[in-house]
Amino acid sequence: AASRQLLEQSVSSMANGQNIWRTLAMDELALNHLRYGNRRQAENLMIECLAAADRTGNVMNGVLALCRLGELALLECRYEDAEWLYSEALVRSTRDGNRLPIAGIACIGLGRLNLERGELNAAVERLEEGVCRIHRWGDTMAIEGYLQLATAQSLQQKWSEAEAALQRAREISHSFDATTIDDDLVELQQVELWLAHGEDLAANMWLNRQAHAEHLTPETEEAPSLPAIYRVMTMAKVCLANGKPGAALSLLAVRSTDAAATLPQRILIDLDLLEALAFHALGRSHTAQTQFAQALAQAATPGVIRPFLEHAGPALSALLISAVQE
(Lines give C-alpha, C1' and ligand atoms only; values in the text may rest on other atoms or scores of the structure.)
Protein backbone atom coordinates (compact mmCIF):
# COMPACT_ATOMS: atom_id res chain seq x y z
CA ALA A 1 0.00 0.00 0.00
CA ALA A 2 2.85 2.40 0.82
CA SER A 3 4.52 1.61 -2.49
CA ARG A 4 1.27 2.22 -4.36
CA GLN A 5 0.73 5.59 -2.66
CA LEU A 6 4.23 6.79 -3.56
CA LEU A 7 3.85 5.63 -7.16
CA GLU A 8 0.49 7.39 -7.48
CA GLN A 9 2.10 10.60 -6.18
CA SER A 10 4.95 10.15 -8.62
CA VAL A 11 2.61 9.71 -11.60
CA SER A 12 0.39 12.65 -10.66
CA SER A 13 3.36 14.97 -10.06
CA MET A 14 4.62 14.63 -13.63
CA ALA A 15 2.98 16.21 -16.65
CA ASN A 16 0.92 13.98 -18.90
CA GLY A 17 3.32 14.39 -21.78
CA GLN A 18 6.38 12.77 -23.26
CA ASN A 19 7.98 11.89 -19.94
CA ILE A 20 9.68 8.49 -19.90
CA TRP A 21 9.86 8.55 -16.10
CA ARG A 22 6.12 9.01 -15.78
CA THR A 23 5.56 6.02 -18.05
CA LEU A 24 7.98 3.89 -16.04
CA ALA A 25 6.25 4.89 -12.80
CA MET A 26 2.90 3.94 -14.36
CA ASP A 27 4.35 0.57 -15.36
CA GLU A 28 5.52 -0.07 -11.79
CA LEU A 29 2.14 1.04 -10.43
CA ALA A 30 0.42 -1.34 -12.85
CA LEU A 31 2.61 -4.17 -11.58
CA ASN A 32 1.66 -3.30 -7.99
CA HIS A 33 -2.05 -3.47 -8.88
CA LEU A 34 -1.51 -6.73 -10.76
CA ARG A 35 0.19 -8.38 -7.78
CA TYR A 36 -2.59 -7.36 -5.39
CA GLY A 37 -5.58 -8.38 -7.49
CA ASN A 38 -6.57 -4.93 -8.81
CA ARG A 39 -6.57 -6.20 -12.38
CA ARG A 40 -8.80 -3.56 -13.95
CA GLN A 41 -6.69 -0.72 -12.56
CA ALA A 42 -3.58 -2.52 -13.80
CA GLU A 43 -5.06 -2.97 -17.27
CA ASN A 44 -6.08 0.70 -17.54
CA LEU A 45 -2.57 1.82 -16.60
CA MET A 46 -0.99 -0.58 -19.08
CA ILE A 47 -3.22 0.68 -21.88
CA GLU A 48 -2.27 4.26 -20.98
CA CYS A 49 1.43 3.28 -21.02
CA LEU A 50 0.98 1.72 -24.45
CA ALA A 51 -0.73 4.85 -25.79
CA ALA A 52 2.08 7.04 -24.40
CA ALA A 53 4.69 4.78 -25.99
CA ASP A 54 2.89 4.97 -29.33
CA ARG A 55 2.77 8.77 -29.17
CA THR A 56 6.48 9.05 -28.49
CA GLY A 57 7.69 6.13 -30.59
CA ASN A 58 9.29 4.51 -27.53
CA VAL A 59 9.81 0.86 -28.50
CA MET A 60 10.92 -0.31 -25.04
CA ASN A 61 7.89 1.07 -23.18
CA GLY A 62 5.53 -0.19 -25.86
CA VAL A 63 6.90 -3.72 -25.69
CA LEU A 64 6.84 -3.67 -21.87
CA ALA A 65 3.21 -2.51 -21.84
CA LEU A 66 2.15 -5.19 -24.34
CA CYS A 67 3.92 -7.89 -22.33
CA ARG A 68 2.32 -6.69 -19.07
CA LEU A 69 -1.07 -6.94 -20.79
CA GLY A 70 -0.08 -10.39 -21.99
CA GLU A 71 0.76 -11.42 -18.42
CA LEU A 72 -2.66 -10.22 -17.29
CA ALA A 73 -4.31 -12.19 -20.10
CA LEU A 74 -2.42 -15.33 -19.02
CA LEU A 75 -3.64 -14.93 -15.43
CA GLU A 76 -7.21 -14.58 -16.68
CA CYS A 77 -6.79 -17.57 -19.06
CA ARG A 78 -7.48 -15.38 -22.11
CA TYR A 79 -4.92 -17.28 -24.14
CA GLU A 80 -5.88 -15.96 -27.58
CA ASP A 81 -5.49 -12.41 -26.29
CA ALA A 82 -2.16 -13.30 -24.69
CA GLU A 83 -0.87 -14.80 -27.91
CA TRP A 84 -1.82 -11.68 -29.90
CA LEU A 85 -0.28 -9.32 -27.34
CA TYR A 86 3.04 -11.17 -27.12
CA SER A 87 3.17 -11.62 -30.89
CA GLU A 88 2.56 -7.88 -31.37
CA ALA A 89 5.35 -7.15 -28.89
CA LEU A 90 7.61 -9.43 -30.93
CA VAL A 91 6.75 -7.54 -34.14
CA ARG A 92 7.45 -4.18 -32.50
CA SER A 93 10.83 -5.36 -31.21
CA THR A 94 12.00 -6.56 -34.63
CA ARG A 95 13.99 -4.23 -36.87
CA ASP A 96 14.99 -5.14 -40.45
CA GLY A 97 14.34 -8.78 -39.71
CA ASN A 98 16.48 -8.76 -36.57
CA ARG A 99 15.00 -9.09 -33.10
CA LEU A 100 16.16 -6.55 -30.55
CA PRO A 101 17.19 -7.71 -27.06
CA ILE A 102 13.86 -6.44 -25.64
CA ALA A 103 12.17 -9.10 -27.82
CA GLY A 104 13.32 -11.60 -25.20
CA ILE A 105 10.43 -10.58 -22.92
CA ALA A 106 7.90 -11.40 -25.64
CA CYS A 107 9.63 -14.73 -26.34
CA ILE A 108 9.43 -15.62 -22.65
CA GLY A 109 5.73 -14.70 -22.64
CA LEU A 110 5.05 -16.92 -25.65
CA GLY A 111 7.03 -19.70 -23.95
CA ARG A 112 4.83 -19.36 -20.87
CA LEU A 113 1.78 -19.63 -23.13
CA ASN A 114 3.15 -22.82 -24.71
CA LEU A 115 3.76 -24.20 -21.22
CA GLU A 116 0.20 -23.42 -20.11
CA ARG A 117 -1.07 -25.34 -23.14
CA GLY A 118 1.16 -28.31 -22.38
CA GLU A 119 3.33 -27.75 -25.47
CA LEU A 120 6.59 -28.54 -23.69
CA ASN A 121 9.04 -28.70 -26.61
CA ALA A 122 7.78 -25.41 -28.02
CA ALA A 123 7.89 -23.86 -24.54
CA VAL A 124 11.54 -24.83 -24.02
CA GLU A 125 12.51 -23.49 -27.44
CA ARG A 126 10.79 -20.15 -26.87
CA LEU A 127 12.08 -19.75 -23.32
CA GLU A 128 15.66 -20.53 -24.30
CA GLU A 129 15.48 -17.94 -27.06
CA GLY A 130 13.92 -15.45 -24.64
CA VAL A 131 16.56 -15.70 -21.93
CA CYS A 132 19.34 -15.58 -24.55
CA ARG A 133 18.02 -12.32 -26.02
CA ILE A 134 17.00 -10.59 -22.82
CA HIS A 135 20.46 -11.06 -21.28
CA ARG A 136 21.69 -8.45 -23.73
CA TRP A 137 19.14 -5.98 -22.32
CA GLY A 138 19.24 -6.80 -18.61
CA ASP A 139 19.96 -9.94 -16.60
CA THR A 140 17.16 -9.45 -14.06
CA MET A 141 14.50 -9.76 -16.77
CA ALA A 142 15.83 -13.29 -17.49
CA ILE A 143 14.84 -14.64 -14.05
CA GLU A 144 11.22 -15.29 -15.06
CA GLY A 145 12.39 -17.08 -18.21
CA TYR A 146 14.73 -19.37 -16.30
CA LEU A 147 12.04 -20.23 -13.74
CA GLN A 148 9.55 -21.15 -16.46
CA LEU A 149 12.27 -23.08 -18.28
CA ALA A 150 12.98 -25.09 -15.12
CA THR A 151 9.29 -26.01 -14.92
CA ALA A 152 9.09 -27.08 -18.57
CA GLN A 153 12.26 -29.19 -18.32
CA SER A 154 11.14 -30.82 -15.07
CA LEU A 155 7.86 -31.81 -16.76
CA GLN A 156 10.00 -33.40 -19.46
CA GLN A 157 11.90 -35.13 -16.62
CA LYS A 158 15.13 -33.48 -17.73
CA TRP A 159 16.28 -32.97 -14.17
CA SER A 160 19.84 -31.77 -14.74
CA GLU A 161 18.69 -29.18 -17.28
CA ALA A 162 15.95 -27.99 -14.92
CA GLU A 163 18.44 -27.65 -12.06
CA ALA A 164 20.83 -25.71 -14.30
CA ALA A 165 18.06 -23.27 -15.31
CA LEU A 166 17.08 -22.80 -11.68
CA GLN A 167 20.70 -22.19 -10.72
CA ARG A 168 20.99 -19.42 -13.33
CA ALA A 169 17.86 -17.78 -11.90
CA ARG A 170 19.31 -18.08 -8.40
CA GLU A 171 22.63 -16.50 -9.41
CA ILE A 172 20.90 -13.54 -11.02
CA SER A 173 18.46 -13.00 -8.12
CA HIS A 174 21.31 -13.08 -5.58
CA SER A 175 23.24 -10.49 -7.56
CA PHE A 176 20.24 -8.13 -7.64
CA ASP A 177 19.36 -6.76 -4.20
CA ALA A 178 16.74 -4.11 -5.01
CA THR A 179 13.92 -6.58 -4.28
CA THR A 180 13.43 -9.89 -2.46
CA ILE A 181 10.50 -11.03 -4.61
CA ASP A 182 12.79 -12.66 -7.17
CA ASP A 183 14.60 -14.58 -4.41
CA ASP A 184 11.25 -15.79 -3.05
CA LEU A 185 10.13 -17.03 -6.49
CA VAL A 186 13.42 -18.89 -6.99
CA GLU A 187 12.97 -20.52 -3.58
CA LEU A 188 9.45 -21.67 -4.43
CA GLN A 189 10.61 -23.05 -7.78
CA GLN A 190 13.29 -25.05 -5.96
CA VAL A 191 10.62 -26.63 -3.75
CA GLU A 192 8.48 -27.43 -6.82
CA LEU A 193 11.50 -29.11 -8.40
CA TRP A 194 12.15 -31.15 -5.25
CA LEU A 195 8.55 -32.36 -5.26
CA ALA A 196 8.60 -33.21 -8.97
CA HIS A 197 11.82 -35.20 -8.49
CA GLY A 198 10.52 -37.02 -5.42
CA GLU A 199 12.84 -35.25 -2.96
CA ASP A 200 10.11 -34.97 -0.34
CA LEU A 201 12.53 -34.77 2.61
CA ALA A 202 14.15 -31.57 1.32
CA ALA A 203 10.70 -30.10 0.61
CA ASN A 204 9.49 -31.04 4.09
CA MET A 205 12.52 -29.42 5.73
CA TRP A 206 11.68 -26.24 3.82
CA LEU A 207 8.06 -26.44 5.02
CA ASN A 208 9.18 -26.74 8.63
CA ARG A 209 11.17 -23.53 8.25
CA GLN A 210 8.01 -21.71 7.16
CA ALA A 211 6.13 -22.46 10.38
CA HIS A 212 6.75 -19.10 12.05
CA ALA A 213 7.21 -16.95 8.97
CA GLU A 214 5.40 -13.62 8.71
CA HIS A 215 3.37 -14.55 5.64
CA LEU A 216 1.34 -17.08 7.65
CA THR A 217 -0.07 -14.41 9.96
CA PRO A 218 -0.04 -11.17 8.01
CA GLU A 219 -1.20 -8.23 10.07
CA THR A 220 -2.59 -6.22 7.21
CA GLU A 221 -5.89 -5.35 5.59
CA GLU A 222 -4.36 -5.86 2.17
CA ALA A 223 -5.47 -8.82 0.09
CA PRO A 224 -2.66 -11.38 -0.17
CA SER A 225 -0.29 -10.71 -3.05
CA LEU A 226 0.16 -13.22 -5.85
CA PRO A 227 3.66 -14.17 -4.57
CA ALA A 228 2.14 -14.82 -1.12
CA ILE A 229 -0.56 -17.02 -2.65
CA TYR A 230 2.05 -18.94 -4.65
CA ARG A 231 3.91 -19.60 -1.40
CA VAL A 232 0.79 -20.88 0.35
CA MET A 233 -0.03 -23.17 -2.58
CA THR A 234 3.53 -24.53 -2.57
CA MET A 235 3.27 -25.24 1.15
CA ALA A 236 -0.02 -27.07 0.51
CA LYS A 237 1.66 -29.19 -2.17
CA VAL A 238 4.36 -30.21 0.31
CA CYS A 239 1.70 -31.15 2.86
CA LEU A 240 -0.04 -33.34 0.27
CA ALA A 241 3.26 -35.01 -0.64
CA ASN A 242 3.81 -35.78 3.07
CA GLY A 243 0.37 -37.28 3.60
CA LYS A 244 -1.10 -34.29 5.45
CA PRO A 245 -4.20 -33.35 3.42
CA GLY A 246 -5.88 -31.70 6.40
CA ALA A 247 -2.98 -29.31 6.82
CA ALA A 248 -3.09 -28.61 3.07
CA LEU A 249 -6.78 -27.66 3.29
CA SER A 250 -6.08 -25.33 6.21
CA LEU A 251 -3.47 -23.52 4.13
CA LEU A 252 -5.87 -23.27 1.19
CA ALA A 253 -8.47 -21.52 3.36
CA VAL A 254 -7.66 -18.34 1.42
CA ARG A 255 -10.60 -19.49 -0.72
CA SER A 256 -12.98 -18.70 2.13
CA THR A 257 -11.80 -15.10 2.54
CA ASP A 258 -12.84 -11.93 0.78
CA ALA A 259 -9.60 -12.15 -1.17
CA ALA A 260 -11.02 -15.00 -3.28
CA ALA A 261 -13.10 -12.50 -5.24
CA THR A 262 -9.94 -10.82 -6.53
CA LEU A 263 -8.12 -13.99 -7.58
CA PRO A 264 -7.60 -14.56 -11.31
CA GLN A 265 -9.01 -17.63 -13.04
CA ARG A 266 -5.62 -19.31 -13.42
CA ILE A 267 -5.06 -19.24 -9.64
CA LEU A 268 -8.58 -20.52 -8.99
CA ILE A 269 -7.89 -23.56 -11.19
CA ASP A 270 -4.81 -24.36 -9.11
CA LEU A 271 -6.73 -23.94 -5.87
CA ASP A 272 -9.64 -26.12 -7.05
CA LEU A 273 -7.23 -28.83 -8.14
CA LEU A 274 -5.26 -28.77 -4.89
CA GLU A 275 -8.45 -28.92 -2.83
CA ALA A 276 -9.72 -31.81 -4.94
CA LEU A 277 -6.51 -33.76 -4.31
CA ALA A 278 -6.69 -33.00 -0.58
CA PHE A 279 -10.33 -34.13 -0.28
CA HIS A 280 -9.49 -37.25 -2.30
CA ALA A 281 -6.68 -38.07 0.15
CA LEU A 282 -9.12 -37.64 3.05
CA GLY A 283 -11.55 -40.11 1.44
CA ARG A 284 -14.18 -37.43 0.80
CA SER A 285 -14.80 -38.61 -2.75
CA HIS A 286 -17.93 -36.61 -3.54
CA THR A 287 -16.40 -33.29 -2.44
CA ALA A 288 -13.19 -34.14 -4.29
CA GLN A 289 -15.07 -34.87 -7.51
CA THR A 290 -17.06 -31.63 -7.18
CA GLN A 291 -13.88 -29.56 -6.81
CA PHE A 292 -12.19 -31.44 -9.62
CA ALA A 293 -15.15 -30.88 -11.95
CA GLN A 294 -14.92 -27.18 -11.17
CA ALA A 295 -11.22 -27.15 -12.07
CA LEU A 296 -11.92 -29.02 -15.32
CA ALA A 297 -14.75 -26.65 -16.26
CA GLN A 298 -12.57 -23.58 -15.79
CA ALA A 299 -9.63 -25.13 -17.64
CA ALA A 300 -11.52 -26.64 -20.58
CA THR A 301 -12.41 -23.65 -22.76
CA PRO A 302 -9.02 -21.88 -22.70
CA GLY A 303 -7.15 -25.21 -22.81
CA VAL A 304 -5.23 -25.00 -19.52
CA ILE A 305 -3.09 -28.15 -19.37
CA ARG A 306 -0.12 -27.22 -17.18
CA PRO A 307 -1.59 -27.78 -13.67
CA PHE A 308 -2.79 -31.27 -14.61
CA LEU A 309 0.70 -32.16 -15.87
CA GLU A 310 2.25 -30.82 -12.67
CA HIS A 311 -0.01 -33.00 -10.48
CA ALA A 312 0.18 -36.16 -12.60
CA GLY A 313 -0.01 -39.27 -10.41
CA PRO A 314 -2.37 -41.92 -9.00
CA ALA A 315 -4.66 -39.42 -7.24
CA LEU A 316 -5.14 -37.28 -10.33
CA SER A 317 -5.68 -40.44 -12.42
CA ALA A 318 -8.45 -41.56 -10.05
CA LEU A 319 -10.15 -38.17 -10.25
CA LEU A 320 -9.90 -38.16 -14.06
CA ILE A 321 -11.41 -41.66 -14.27
CA SER A 322 -14.29 -40.60 -12.01
CA ALA A 323 -14.87 -37.51 -14.12
CA VAL A 324 -14.96 -39.57 -17.34
CA GLN A 325 -17.38 -42.08 -15.80
CA GLU A 326 -19.75 -39.27 -14.88
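The values are calculated or read from the model by the stated rules, or taken from the named source; none is laboratory data. Not measured: the values here are computed from a predicted model. Methodologically, a virtual Cβ is constructed for each residue, glycine included, from the backbone with ideal geometry; neighbour enumeration extends over all protein chains shown. Side chains are part of the model used for accessible areas, which takes the heavy atoms of the whole protein and leaves out ligands, DNA and RNA. Shrake-Rupley method; radii C 1.70, N 1.55, O 1.52, S 1.80 Å.
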Space enclosed by the convex hull of the alpha-carbon atoms of region 138-192, per residue, Å³
59
Determine the per residue accessible area of the chain with all protein chains present and a 1.4 angstrom probe, expressed in square angstrom.
47
For region 71-176, the Rg and Dmax computed from alpha carbons only, in angstrom:
13.3, 38
³J(HN,Hα), Karplus 6.51/-1.76/1.60, whole Hz, each residue of region 54-67, x for Gly, Pro
5, 5, 9, x, 8, 5, 4, 5, x, 5, 4, 5, 4, 6
For region 1-74, which whole-number percentage of the solvent-accessible area (1.4 Å probe, protein heavy atoms only) is attributable to carbon and sulfur atoms?
51
What's the long-distance tail for the chain, i.e. % of Cα pairs beyond 24 Å?
57
Computed from the beta carbon distance with a Förster radius of 51 Å, FRET efficiency for D96 and H197 to the nearest 0.05 stands at 0.70
Using modelled backbone amide H atoms (1.01 Å from N, in-plane), which distant-in-sequence or interchain residues come within less than 5 Å of T94's amide H?
L100
In nm, what is the difference between 0.36 nm times the number of residues separating D81 and N19 and their Cα-Cα distance?
19.5 nm
If you count only protein heavy atoms and use a 1.4 Å probe, how large is the accessible surface of K158, to the nearest 10 Å²?
90
Descending accessible area (1.4 Å probe), largest on the left, turns I172, I20 into I20, I172
Accessible area in the full protein assembly, largest first, 1.4 Å probe, for W84, W21
W21, W84
Within region 76-163, what whole-number % of the accessible surface is contributed by carbon and sulfur, with the 1.4 Å probe and all protein chains included in the calculation?
45
Compute the separation of the alpha-carbon centres of region 1-49 and region 268-307 and state it in Å as a whole number.
35
Gained length - A164 relative to I305, 0.36 nm times residue gap less alpha-carbon distance
48.3 nm
Would you tell me the accessible area of T180, worked out with a 1.4 angstrom probe on the heavy atoms of the protein chains, in Å² to the nearest 10?
90
Pop out the ³J(HN,Hα) list for region 69-81 in order, Karplus 6.51 cos²θ - 1.76 cosθ + 1.60 with θ = phi - 60°, rounded to Hz; leave Gly and Pro as x.
5, x, 4, 4, 4, 4, 4, 8, 6, 8, 6, 5, 4
Computed accessible area, H197, all protein chains, 1.4 angstrom probe, square angstrom
90
Which value, in debye to the nearest 20, describes the size of the charge dipole of the chain about its Cα centre when Lys and Arg Cβ atoms bear +1, Asp and Glu Cβ atoms bear -1, and nothing else is charged?
240
Given the rule -39500 (n - 2.57) for each run of at least 4 DSSP H residues, summed and divided by the residues of the chain, what is its mean residue ellipticity at 222 nm, to the nearest 500 deg cm²/dmol?
-23000 deg cm²/dmol
Any chance you could run the full-extension gain for T262 through R136? It's 0.36 nm times the residue separation minus the Cα-Cα distance, nm to one decimal.
41.8 nm
Calculate how steeply helix 20-35 sits against the longest principal axis of the alpha-carbon atoms of the chain, using the helix alpha-carbon long axis, and give the answer as 0 to 90 degrees to the nearest 10.
10
Could you give the nm distance between label points at R284 and Q156, where each point is 7 Å from its Cα heading toward the beta carbon?
3.9
